[in-house]
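I have placed the structure first, in the form of structure tokens, so that the comments after it can refer back to it.
The values are calculated or read from the model by the stated rules, or taken from the named source; none is laboratory data. All values reported here derive from a predicted model rather than from experimental measurement. When we count neighbours, we look across all protein chains shown, and the Cβ atoms used for this are built from the backbone with ideal geometry, even at glycine. Areas reflect the complete protein model, heavy atoms only, side chains present, ligands, DNA and RNA absent. Shrake-Rupley method; radii C 1.70, N 1.55, O 1.52, S 1.80 Å.
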Amino acid sequence: MRKAVKFGGSSLACAAQFQKVRSILREDPSRRYIIPSAPGRRDSQDFKVTDLFYRYYDHWVHGREDPDLLGQIGTRYQEIIRGLSLDFDLKGALEEIRQNIQAGAGRDYAASRGEYLNGRLLAQYLGFAFLDPAEAVFFDETGALRPEATDLALKQRLTGCVGTVIPGFYGSLPSGRIKTFSRGGSDITGALVAKAVSADLYENWTDVSGFLLADPRIVENPVAIGTITYQELHELACMGACVLHEDAIFPVKEAGIPIHIKNTNRPQDLGTLIVPSAEPKPSCSITGITGKKGYCALNIRKASQKASDGFDQTVLDILEARDIPCEPLPSGAGTLSLLVPQERYLKQEHSVLSGIHRSVQPDSISLESDLALVAIGGRGNRAKSLIAGNVISALEDANIHIRTINQGMEDLAMVIGVYDRDFESAVRVIYNRFIRQDWAHAPS
């Protein structure tokens with residue numbers, strides 16, 4: 001077995017968390033390739049180290065270098081060094097970072113130093129080799145990842161290695177300057193490493209016990225789903241679910257490598273396995289409940305319009321030209337109803353309406369504001385039909401008005417529209433209905 005193992009910021013926030021990580025790694029020698037994030041928050045009042053580096057750089061750029069910020073960063077790492085009894089020249093490392101920033105290394109360089117320092121400390125603590133991703137994760141001049149060059153470099157550098165720490169989140173441009181992924185990009189580094197070493201499994205350790213069936217900020221202590229497919233995760237992520245960086249799915253999906261989401265603070269929990277295809281008999285009929293607020297429905301009526309007139313496409317082209325995404329809604333004859341992001345639409349409302357009036361001469365245009373979408377994932381046609389009936393009846397019982405229903409998405413059982421004010425209540429109602437049915441008799 002060969003495993004690539006990524007640990008998030010909360011998993012490496014302090015010395016005690018480092019010790020948990022070492023215990024996890026010692027339990028399984030196949031965990032050979034370790035991808036750390038920068039130290040995250042230790043509690044709700046704390047700062048992420050990456051945010052401190054961003055602030056330090058921004059202050060310096062505006063001529064207000066803040067030594068106190070660098071001191072806060074040093075204090076965080078010094079706590080880890082002292083707690084693990086490491087011999088590391090932190091003062092020298094921070095001075096080098098300060099000098100490089102002042103020499104023009106750039107904002108991405110500053111942001112990447114949290115992962116870099118944490119990787120150095122973790123490698124020393126574990127007795128593993130250290131690989132700077134600036135030497136193996138490559139971007140082109142435009143800032144786009146060079147996947148083939150990166151895969152080749154990682155293969156060459158990691159082949160035959162018994163244990164290696166590769167910090168996440170960053171790589172390098174052709175010029176040698178540091179380039180970061182978007183926030184959360186350590187997930188991507190982990191997936192790239194997993195693919196390059198042909199890992200049997202990519203473990204992603206965080207502070208939750210897998211992919212939760214609902215947002216814990218809305219539903220108290222939601223259960224985790226045991227197995228979900230890449231495609232199901234993609235669909236739910238598009239609708240607002242956040243488990244790991246969206247771009248982290250693709251390298252391992254291409255290689256057919258499962259992802260296992262685990263909890264560093266509760267390693268005994270089963271977590272969630274993300275796999276290429278679904279299990280034939282899922283333990284739960286739903287794979288997740290998620291959604292987004294902030295939509296509105298644009299209703300355009302033209303009683304005399306015919307399909308051959310190109311009415312629908314003309315309206316869609318008007319929105320696309322203004323970079324406003326839309327989702328067609330079921331509507332009656334002679335009416336086109338579209339769901340659009342409300343804030344983005346309102347910024348260009350005058351331009352959109354002028355374009356529609358000029359192009360298609362509608363009979364009327366109306367707008368229904370403050371809508372939210374709730375997406376429910378489900379497997380199999382039979383499961384989806386059962387889910388639809390249960391969702392509708394549950395919301396009706398709770399006096400939550402359904403504004404629209406869409407069952408056209410392949411890996412979602414359905415997407416329903418409700419008013420923004422009912423969003424959290426709708427999620428809780430749907431969750432409770434399915435938990436009663438699917439989990440009431442499950443073993444604890």
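Per-residue Karplus couplings for the stretch 392-398, computed as 6.51 cos²θ - 1.76 cosθ + 1.60 with θ equal to phi - 60°, are listed in order as 4, 5, 5, 5, 5, 4, 8 Hz, Gly and Pro entered as x. Of the solvent-accessible surface of the stretch 69-224, computed with a 1.4 Å probe and all protein chains present, 48% belongs to carbon and sulfur. Based on C-alpha pairs under 8 angstrom that are at least 6 apart in sequence, the chain has a relative contact order of 13 percent.
Of the residues Lys347, Lys262, Lys253, which exhibits the maximal mean-square fluctuation in a Gaussian network model of the chain defined by a 10 Å Cα contact cut-off? Comparing Lys347, Lys262, Lys253 in the GNM, the peak value goes to Lys347. Taking 0.36 nm per residue of separation and subtracting the current Cα-Cα distance, fully stretching the chain between Asp28 and Ile402 would add 129.7 nm. Packing, taken as the mean count of other beta carbons within 10 Å per residue, orders the peptides 134-145, 286-297 from highest to lowest as 286-297, 134-145.
Compute, for Tyr125, the solvent-accessible surface of its heavy atoms (probe 1.4 Å) with the complete set of protein chains present, and express it in square angstrom to the nearest 10. So the heavy atoms of Tyr125 present about 30 Å² to solvent. Taking 0.36 nm per residue of sequence separation and removing the Cα-Cα distance, the Ser366/His62 pair yields an extension gain of 104.7 nm.
Mind running the shape call on the stretch 50-112? Use the C-alpha gyration tensor, a ≥ b ≥ c as the square roots of the eigenvalues: rounded below 1.5 for a/c, prolate if a/b tops b/c, oblate otherwise. Judged from the Cα gyration tensor, the stretch 50-112 comes out prolate (a/c at least 1.5, a/b above b/c). Per residue, the stretch 104-253 exposes an accessible area of 37 Å² to a 1.4 Å probe, with every protein chain left in place. Of the trypsin sites (Lys or Arg not before Pro) found in the stretch 18-71, those in coil by DSSP whose Cβ has at most 12 other Cβ atoms within 10 Å are Arg64.
Starting from the stretch 160-252, pick out the GluC sites (Glu not before Pro) whose DSSP state is loop and whose Cβ has at most 13 other Cβ atoms within 10 Å.
Qualifying residues, ordered by number: Glu220.
Entry for the chain at q = 0.06 Å⁻¹: log10 I(q)/I(0) = -0.32, Debye formula applied to identical alpha-carbon scatterers, no solvent contribution.
Run the helix sum for the chain: -39,500 (n - 2.57) per DSSP H stretch of 4+ residues, divided by residue count, reported at 222 nm to the nearest 500 deg cm²/dmol. For the chain, the value works out to -12500 deg cm²/dmol.
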